[in-house]
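The values are calculated or read from the model by the stated rules, or taken from the named source; none is laboratory data. All of these numbers come straight from a predicted model, not from anything done at the bench. All Cβ positions, glycine included, derive from the backbone under ideal geometry; neighbour counts span all protein chains shown. Only protein heavy atoms, including side chains, enter the accessible area calculation; ligands, DNA and RNA are left aside. Shrake-Rupley method; radii C 1.70, N 1.55, O 1.52, S 1.80 Å.
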Amino acid sequence: MLKCREVVHQADALLAGELSRRERFVLQMHLIICRHCRRYIRQFEWLLRAIPRMHGSASEAEISSVLKAVENAEKSTFK
Amino acid sequence: MTSELSTLRALQSGDPTAFSELVREHHRALLATASAIVGIDNAEECLQNAWIKAHQALPQFEGKSSLRTWLTRIVINESRMLLRKTRREVPLELDESQHPLADRFREGGHWSKPPATWHDESPDGLLMERELADCLSRVLTAMPAQQRAMLELRDVSGLDFDEICNELAVTASNARVLLHRARTQLFRLVDHYQETGEC
Ligand SMILES: [Zn+2]
């Protein structure tokens, strides 16, 4: 039978749709009997959704420094 | 995607507010990507050049990828020269005992300490909790360079594996291991925070 440790290792491939039908079947059988792994997979999926936002948004100071650089570059192009 | 399309229209018509918003939304993530590739000392300069290039290239952008992915490619281009100079092959640490969740399993492979139950009010914001900010940045900084680069390029910027393997000169299977290690470190961090309220 599949070990919980292996479920953790296969979670990425499962969520990326990279498991074979057989591998997916075996994993799903484990999930039926193991609530810890069900919880792991569910929360791991949340985590993957949260990662793209983890850096947050730029501050006003950062934005204006970028805008200034872009503006200066344009000025020197049209000189 | 539709909102991204209208953002793109506004950007291409030269709307300055739309450009500011673009910077607001992506700058930090791109900076993280750049520092994962060229190191923090070179990241700022690399990113400034990338924004200048992006601003010039916006009218030609066809919207075939997401804006973040497109911007990331520009950052990669800007960092390419530096990347060649600074790239070091680091041997992959595949030892199972080094796995971020290694101590959470019993010998037989079942959970000894299963994941905590996470609060589910806003799963998308899991990593944006104020209390987590310092720990998150510590974990990211301490991460081996290749793991960090995989995480930023694949999960934050949405590049596909082929493109990343090419850029970072890693094999497809190593790329997956690196990404898995990076993600499970974050899992561990969030799990601990959700359980204890501390990090
Ligand atoms: Zn299990």
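Look at A:Gln28 and say whether it is over 24 Å from B:Leu30 (Cα atoms) and touching an Asp or Glu at 6+ places or on another chain (Cβ under 8 Å). It is false that A:Gln28 is over 24 Å from B:Leu30 (Cα atoms) and touching an Asp or Glu at 6+ places or on another chain (Cβ under 8 Å).
Taking the range A:7-17 as the range and being assigned to a helix (DSSP H, G or I) and either more than 12 Å from chain B (Cβ to nearest Cβ) or more than 9 Å from the ligand (Cβ to nearest atom) (or both) as the test, the residues that pass are A:His9, A:Gln10, A:Ala11, A:Asp12, A:Ala13, A:Leu14, A:Leu15. Of all residues in the range B:92-140, those being open to solvent by 60 Å² or more (accessible area, probe 1.4 Å), among the aliphatic types (A, V, I, L, M) and either within 16 Å of the ligand (Cβ to nearest atom) or facing chain A (nearest Cβ under 10 Å) (or both) number 1. Just checking, does the range A:18-33 include any residue being open to solvent by 60 Å² or more (accessible area, probe 1.4 Å), more than 16 Å from the ligand (Cβ to nearest atom) and either within 10 Å of another protein chain (Cβ to nearest Cβ) or part of a loop (DSSP other than H, G, I, E, B) (or both)? The answer is yes; a qualifying residue exists. Counting the residues of the range A:34-58 that are of a type outside the set (Lys, Arg), assigned to a helix (DSSP H, G or I) and more than 7 Å from every other protein chain (Cβ to nearest Cβ) gives 3. Residue-level check: of (1) more than 10 Å from every other protein chain (Cβ to nearest Cβ); (2) within 16 Å of the ligand (Cβ to nearest atom); (3) open to solvent by 20 Å² or more (accessible area, probe 1.4 Å), A:Lys75 misses just (2).
Residues that are farther than 15 Å from B:Ser66 by Cβ and outside any helix (DSSP H, G or I) were ranked within the range B:1-48; the one that is least open to solvent (accessible area, probe 1.4 Å) is B:Gly39. Taken together, B:Thr184, B:Thr141 contain a single residue that is assigned to a helix (DSSP H, G or I) and touching a residue at least 24 places away in the same chain (Cβ under 8 Å), which is B:Thr184. Residues that are at positive phi, touching a Ser or Thr at 6+ places or on another chain (Cβ under 9 Å) and either in a loop (DSSP other than H, G, I, E, B) or buried (at least 20 other Cβ atoms within 10 Å of the Cβ) (or both) are absent from the range B:163-172 altogether.
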